[in-house]
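Reviewing the structure listed below.
The values are calculated or read from the model by the stated rules, or taken from the named source; none is laboratory data. Being a predicted model, the structure only gives us computed values, none of them experimental. As a convention, Cβ positions derive from the backbone with ideal geometry for all residues, glycine included, and neighbour counts pool all protein chains shown.
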Amino acid sequence: MANVSLKNVKKVYPGNVTAIKGVSLDIADGEFVVLVGPSGCGKSTLLRMIAGLEKIDDGEVFIANQVVNEKEPSERDIAMVFQNYALYPHMSVYNNMAYGLKNRKVPKEKIDQLVKEAAKTLELEGLLERKPKALSGGQRQRVAMGRAIVREPKLFLFDEPLSNLDAQLRAQMRVDIRKLQRQLRVTSIFVTHDQIEAMTVGDRLAVLNNGELEQIGTPMEVYSKPASEFVASFIGSPRINLVSGEVKAGSLHVDGFELPGFSQISDQPVKVGIRPEDFVLESTAKMSLQIDLVEELGSDELLYCVSPTGLDYRIRRPGGSGHKVGENITVSVISEKLHLFSSQSGKRLN
Amino acid sequence: MANVSLKNVKKVYPGNVTAIKGVSLDIADGEFVVLVGPSGCGKSTLLRMIAGLEKIDDGEVFIANQVVNEKEPSERDIAMVFQNYALYPHMSVYNNMAYGLKNRKVPKEKIDQLVKEAAKTLELEGLLERKPKALSGGQRQRVAMGRAIVREPKLFLFDEPLSNLDAQLRAQMRVDIRKLQRQLRVTSIFVTHDQIEAMTVGDRLAVLNNGELEQIGTPMEVYSKPASEFVASFIGSPRINLVSGEVKAGSLHVDGFELPGFSQISDQPVKVGIRPEDFVLESTAKMSLQIDLVEELGSDELLYCVSPTGLDYRIRRPGGSGHKVGENITVSVISEKLHLFSSQSGKRLN
Amino acid sequence: MIENRPVLDFITYLVLILGIIIIAFPIWVMFVGASHDGIRMLQVPIPLLPGDQFFQNLKETLLGSGLEGTSTAPVWLMLLNSLAMALSISIGKIAISLLSAFAIVYFRFPFKMFFFWMIFITLMLPVEVRILPTFEVVADLGMLNSYVGLSIPLIASATATFMFRQMFMTIPDELLESARLDGAGPMKFFFDFLIPLSRTNIAALFVVLFIYGWNQYLWPLLITTDRSKYTIVMSIKQMIEAAEQTPEWHIIMMTSLLAMLPPILVVLTMQKLFVKGLIESEK
Amino acid sequence: MIENRPVLDFITYLVLILGIIIIAFPIWVMFVGASHDGIRMLQVPIPLLPGDQFFQNLKETLLGSGLEGTSTAPVWLMLLNSLAMALSISIGKIAISLLSAFAIVYFRFPFKMFFFWMIFITLMLPVEVRILPTFEVVADLGMLNSYVGLSIPLIASATATFMFRQMFMTIPDELLESARLDGAGPMKFFFDFLIPLSRTNIAALFVVLFIYGWNQYLWPLLITTDRSKYTIVMSIKQMIEAAEQTPEWHIIMMTSLLAMLPPILVVLTMQKLFVKGLIESEK
């Protein structure tokens, strides 16, 4: 258990490609932080730098207030769960879990006790003698978890540990991992590209894009006040609607409408973000849309609509409303629910 | 373009394992049907039997009112999109699309015209000279689609064609495939294990379990009136809550409550299904639950609750409600929203 | 898979049956020949059923000096020499290949590509191609008529290095990384992971290399002039030549049967691992 | 990958540098020897820089009958014989292996496993092991002293079949199924898919088999008694023996240089495909 701190950490690949462009991040003792971003954003690289599997080209990584830049991975006292689990195929489940302890010269009886405890926590007791290839996907995932917790490390690192599971098991393991972390209170960093996982598994969320930290905050902060156009479009499913507009003399001009009340924003072209669930269907509303496609998701439905000016909107409604393709609807959005981003920098304006 | 009809189709694997236990299904000309089920339910096997890639051990398959049981795959005039796309790695995109036409001895100019048309529809025009390995995942998917549509077949078969794409691209391709099918009006069968895809892409949904057809209907029919406990738990995310109860003298006894109004059901043990979004939060409601975990999904949140009797409930609420772990809430459900299934057969009772 | 087609089927069978006749029948003839006495083997037609002189012939061949009138070593000594050579070659090659594949795949060192290509050249130019200069070097080092001279030059080749390189490349990087987090250094990783994971490959390679080593002819012929270092395969040519004068076919057949035996024994004992190593598709 | 460790580094270098000395230096000596005249080669010390007699020696060796006083064929004819044998072996093996791997992987036929094992046995018992019975069969069929006799028995082996089988197994089933939907029959699939997809494997195998065929010694020695069918590798042993009487080292060196040349040429022309075929990790 320890706090983790990154100070302006950079990674430069040969050919001067900067993969991580100076990331600073403080993680408190016992906190569960999720690194999320699209593939290629550098989230795995960052995790591997903390683990010591990638060299840190600039900046410093602290674990428990000690600089670990030059330490070997095995000296950092961390445990990592890999996407493909990286179980040792020629060893039994027991030996998979015991191997790290053996290398640390832990006495045999102590190893036995620790492995059995971990197996109990993860309900792996009947499987200890099996080889990894005789296990199902979910069991392998739990063995990988077991190998991590048995060492009682200062820090857990998760590199997309759920992406090889099917949807139902993934939802289940998401909850299990969260509960396990609450129980063990070990500082954890979880990397994922799945925004639902990102929203639900951790205490805080760090959104990475292109090697830079775009936003860090609790899931609800990130969802309701996205700091940039990128965060707005990446977090949230179905995706946020993004329309070009302009702020002129305190009013927002968008898709033919003029909305007053934006006097705190200087005149400039903007991107307007509207979450699909923030549309209000009213017969008296100003905005008239035609339904192009209806996706019925059971509890919800998603209306793909086109405005008279030809812009596409996704609108989310409770399920079973009976809307038909071709139908015309009128909707409105209250100004407080609009997210405004600068067209140049993509940063949030309101 | 043709209708497709399965008549009591069976598949028996060596060792007397019956993979498909007599499936009958009628698909109208131009219809888009989705076969959905968990892995191992036989959905892919069924599709491959229609394609002619697996022998039909019993029953008959009709395409355009002709029995095709004994026909070679190439004589059935179908096109198939595979999960891994099965692009020919040593051929250019152009030749990938043209290969089937060449084998059918279509004249060169005609091939050229058809390939270029298909490439235009799918926005592949700039990529015709590339080899598959120089394409992105989404582009490969579109080439596989192009190879299917260029032949102008009677029937499209899709074998989980979107499962190798990331979430955003998958949502996009889902809409594109649907629109393309509407435009071409070719009868289509789409296999998937993803229930969201199943709900949104097709006209009708056929839920398979264990080699048997559990239910067939429009997505909303299946969602709101699941024919069995299996369908109820498979379709819908987050999963439906399933609790054991009993019907006695017209009343449903469940989790300590007694609900009248089930007089049409004979006395028997039952499973009660409640969709997470069907709980109504009221301060005067009877059922008192304690919140164990809150998953904030942005627009929604999911409350994991425990009843005084120790049963778990998932409740879905609009996002940002500010519920905290440990809080007590009182909820109710109206009787019409309850799904009752026989404990023995799993079949729907109400 | 593709449906049956009668014509293709017929061709397939024809090819396969021909193969059996070419391979299996002569072996039977050899076994039969080794079980009759010398006189019966000179009569026409050649016998097609085994006789009763098998153990008599075995004793005569093993302890005598093969054919009368030839100047070869006793057969048991030749078998021993062949065994020593085959074992040194196969074990030496496997050890060196494992280590060099380990170095190539897992270490970064300067001029890595240069060394890689140097190894590659030995693959392109096996010992037979550069046999004369190699002979010169071995002669200069005074290694003629020694087990060392018999095996060392045949060990220095890279085929196996490539096989292990391929095998190591299929091991996911995460396994190494996970082992590093678990505190395993390079040599620990080599012994705890690479060796056990290459088990079937090592077995398959051992079989192939043992047979390769056992069957060496030209090289032993060049560097052994001392009878006591002759290998069993070397005697075969001499026996055929000798057969023109003294056609002791029962001894010849028994000798070649004995020459066939060790490779077959190695194959049979290693069979399960060998087949696994050859067939195993990467998961 | 694993970090550098000075001691391990040192050992790695040592092994690699030793390897170069053993392999590269003798080749240089051979080239130098082939470029001096016969008298210079008998003086001490042996020259280490090339002389000016290279083309003179080349002409003498190629058109003469190798060493004076030996009874071998002219070197150009031996080169031709070797080439014919090496080419028939490599092309024949590749063709048969492709076809049998195709049959094994893609067809269901009765006794498939039986035939599979029959092929497997040839892998375990290469021609050298059963050389005597094979010799008998070839002699009975009257194929001594012929190109057919030289190559056929060496073609019938299964190593390559296994390689192609492995290769075909990595081709996803969906590719075959997709091709079937596109109207490709079995032979069309073979020529339109399997052959192009095995391109690099075929090239790699051709190189390896060409070298294998070129370097055959024992088999040609057994079955050729006619000088006009001698292969180049056969002459080497004879030359070394002859060298004890007439030490014409410039001719010997030139002959072995010529014997090395075709394998090297094949490697160089095929190099790109060859390396790809060997290195290519399955995607």
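Laid out as a table, the results:
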{"read-out": "All positions within segment B:183-223 that are buried (at least 19 other Cβ atoms within 10 Å of the Cβ) and in a helix (DSSP H, G or I)", "value": "B:Gln195, B:Ile196, B:Glu197, B:Ala198, B:Met199, B:Thr200, B:Val201, B:Pro219, B:Val222, B:Tyr223"}
{"read-out": "Candidates A:Glu336, A:Glu301, filtered to the one that is within 14 Å of chain B (Cβ to nearest Cβ), surrounded by fewer than 15 Cβ atoms within 10 Å (Cβ to Cβ), not in a loop (DSSP other than H, G, I, E, B) and not β-branched (Val, Ile, Thr)", "value": "A:Glu336"}
{"read-out": "Single residue of B:Val331, B:Val325, B:Val272, B:Val294 found to be β-branched (Val, Ile, Thr), in a loop (DSSP other than H, G, I, E, B) and under 30 Å from A:Ile196 (Cα atoms)", "value": "B:Val325"}
{"read-out": "Given (1) closer than 27 Å to D:Pro263 by Cα; (2) over 21 Å from the mean Cα position of the chain (by Cα); (3) at pLDDT below 75, index of the condition C:Asp140 fails", "value": "(3)"}
{"read-out": "Elements of type helices (runs of 4 or more DSSP H) contained in segment C:172-254, each with 3 or more residues being assigned by TED's automatic domain parsing to the domain that holds C:Gln56 and surrounded by fewer than 21 Cβ atoms within 10 Å (Cβ to Cβ)", "value": "none"}
{"read-out": "Matching residues in segment A:315-328 - criterion: being farther than 19 Å from B:Gly236 by Cα and within 10 Å of chain B (Cβ to nearest Cβ)", "value": "A:Val325"}
{"read-out": "Unique residue being more than 30 Å from A:Ala167 (Cα to Cα), away from every other protein chain (no Cβ under 12 Å) and among the aliphatic types (A, V, I, L, M) when the list is B:Val34, B:Val93, B:Val9, B:Val23", "value": "B:Val93"}
{"read-out": "Verdict on C:Phe191 being of a type in the set (A, V, I, L, M, F, W, C), within 30 Å of A:Val81 (Cα to Cα), out of contact with any helix residue (DSSP H, G or I) (no Cβ under 8 Å at 6 or more places or on another chain) and at pLDDT 85 or above", "value": "yes"}
{"read-out": "A:Arg147 being assigned to a helix (DSSP H, G or I), within 12 Å of chain B (Cβ to nearest Cβ) and buried (at least 19 other Cβ atoms within 10 Å of the Cβ)", "value": "no"}
{"read-out": "Test: B:Asp58 is within 14 Å of another protein chain (Cβ to nearest Cβ) and at pLDDT 90 or above", "value": "no"}
{"read-out": "Yes/no for C:Leu154 being part of a helix (DSSP H, G or I) and more than 30 Å from C:Gly213 (Cβ to Cβ)", "value": "no"}
{"read-out": "In segment B:77-86, the residues that are facing chain D (nearest Cβ under 8 Å), of a type in the set (A, V, I, L, M, F, W, C) and on the phi < 0 side of the Ramachandran plot", "value": "B:Ile78, B:Ala79, B:Met80, B:Phe82"}
{"read-out": "Residues of segment A:183-214 satisfying the condition of being over 8 Å from the mean Cα position of the chain (by Cα) and over 26 Å from A:Arg151 (Cβ atoms)", "value": "A:Thr200, A:Leu208, A:Asn209, A:Asn210, A:Gly211, A:Glu212, A:Leu213, A:Glu214"}
{"read-out": "Segment A:61-76, residues that are within 14 Å of A:Leu157 (Cα to Cα) and more than 10 Å from every other protein chain (Cβ to nearest Cβ)", "value": "A:Ile63"}
{"read-out": "Top-ranked residue in segment A:285-298 [being of a type in the set (D, E, K, R) and over 27 Å from the mean Cα position of the chain (by Cα); ranked as nearest to the other protein chains (Cβ to nearest Cβ)]", "value": "A:Asp292"}
{"read-out": "Test for B:Val243: is it of a type in the set (A, V, I, L, M), farther than 18 Å from B:Lys43 by Cβ, part of a strand (DSSP E or B) and away from chain A (no Cβ under 11 Å)", "value": "yes"}
{"read-out": "Scan of segment C:215-232 for residues that are more than 9 Å from every other protein chain (Cβ to nearest Cβ) and farther than 19 Å from C:Ala259 by Cα, ordered by number", "value": "C:Ile223, C:Thr225, C:Asp226"}
{"read-out": "Meets criteria (within 26 Å of A:Val231 (Cα to Cα) and of a type in the set (Gly, Ala, Ser)) for A:Gly42", "value": "yes"}
{"read-out": "Condition check for A:Phe230: under 24 Å from A:Val23 (Cα atoms), modelled with pLDDT of 90 or more and either assigned to a helix (DSSP H, G or I) or of a type in the set (A, V, I, L, M) (or both)", "value": "yes"}
{"read-out": "Selected residue (criterion: modelled with the lowest pLDDT) from residues of segment A:265-295 that are of a type outside the set (A, V, I, L, M, F, W, C) and surrounded by 19 or more Cβ atoms within 10 Å (Cβ to Cβ)", "value": "A:Glu295"}
{"read-out": "Cross-chain or 6+ apart pairs with Cβ under 6 Å, segment D:30-56 first and surrounded by 15 or more Cβ atoms within 10 Å (Cβ to Cβ), then of a type in the set (Phe, Trp, Tyr)", "value": "D:Gly33/D:Trp249; D:Ser35/D:Phe54; D:Met41/D:Trp249"}
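Here's the yes/no breakdown for (1) among the β-branched types (Val, Ile, Thr); (2) part of a loop (DSSP other than H, G, I, E, B); (3) crowded, with 22+ Cβ neighbours inside 10 Å:
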| site | (1), (2), (3) |
| --- | --- |
| A:Asn69 | no, yes, no |
| A:Pro89 | no, yes, no |
| A:Tyr94 | no, no, no |
| A:Ala98 | no, no, yes |
| A:Asp112 | no, no, no |
| A:Gly126 | no, no, no |
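Here's the yes/no breakdown for (1) farther than 30 Å from B:Arg76 by Cβ; (2) facing chain C (nearest Cβ under 8 Å):
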residue: D:Val137; (1), (2): yes, yes
residue: D:Gly142; (1), (2): yes, no
residue: D:Leu150; (1), (2): yes, no
residue: D:Thr161; (1), (2): yes, no
residue: D:Phe168; (1), (2): no, no
residue: D:Leu181; (1), (2): no, no
residue: D:Lys188; (1), (2): no, no
residue: D:Asp192; (1), (2): no, no
residue: D:Ile195; (1), (2): no, no
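Per-residue answers, yes or no, for (1) more than 13 Å from chain D (Cβ to nearest Cβ); (2) modelled with pLDDT of 70 or more; (3) under 21 Å from C:Asn215 (Cβ atoms):
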site	(1), (2), (3)
C:Gly69	yes, no, no
C:Trp76	yes, yes, yes
C:Ile89	yes, yes, yes
C:Pro110	no, no, no
C:Phe114	no, no, no
C:Leu125	no, no, yes
